[in-house]
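Beneath this line is the structure, given in structure tokens, with notes to follow.
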Amino acid sequence: MNPRQALALVAFIAVAPAARAQSASFAEPPDAPRRQLVAVDREEQATREPDTEPPTEAVRLVAGSAARVANGTTRAGIYAALDLGKRTAGARLYGAWVRVGYEDPLAQLGAELTLTLPITRVVVASTGVGGGVARVGRVEAGARVPGGATLGVGTLRGGLDLRLPITDVDARIGAAAVGTMPVMRGDGAPAADPWLLGLATITVGW
């Protein structure tokens with residue numbers, strides 16, 4: 001054996017134990033549980049996030065149809081309102097016009113203090129109490145006479161809205177009933193019985 005071969009043999013003997021020790025340190029025992037990497041789809045993870053609250057805007061426009069029920073008769077008309085308030089308490093300014101141009105017209109304007117109570121993510125209950133002014137046609141002996149009457153009225157409203165499935169838009173359809181009680185009338189104005197306004201509305205907020 002020449003000196004070069006002897007030097008190579010010594011180097012091999014010195015390196016071999018260290019290599020065996022390093023490989024043994026990284027080896028897993030046969031009974032150890034194996035680690036598994038699971039890839040999570042980003043879209044699936046996003047669907048698991050908690051749903052956000054549906055939008056409720058501070059200003060909402062309400063429009064729809066109205067029906068006045070009084071003295072056993074039902075008359076059709078229109079209704080419009082402006083809701084103010086993003087939280088539970090708010091206010092509403094409204095107007096209702098029924099049978100305009102006929103012998104027994106009604107124009108009712110008023111304001112309400114309102115409470116809006118979400119029952120579910122889709123169903124919203126609302127109520128309002130307030131007052132206003134109603135202008136009614138004046139009818140005597142079945143015939144319209146000039147003038148008419150202006151009445152002060154108190155109102156109580158209750159209704160339900162259903163949120164429409166439109167993303168990022170506070171849109172609802174609903175139905176409500178407004179009980180109206182005349183509380184003041186001018187001199188010479190005819191007596192007026194209470195009446196009920198039935199409403200079918202659509203609401204859009206921004």
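Some points to look at:
- Compactness of the range 59-205 as Cα Rg over 2.2 N^0.38 Å, two decimals: 1.11
- Whole-Hz Karplus values for the range 89-102 come out as 8, x, 8, 9, 10, 9, x, 9, 10, 10, 6, 5, x, 9 Hz, taken residue by residue from phi with 6.51 cos²θ - 1.76 cosθ + 1.60 and θ = phi - 60°; glycine and proline positions read x.
Bear in mind these aren't lab numbers, they're just calculated from the coordinates by the rules spelled out. No experiment lies behind these values; they were computed from the predicted model shown.
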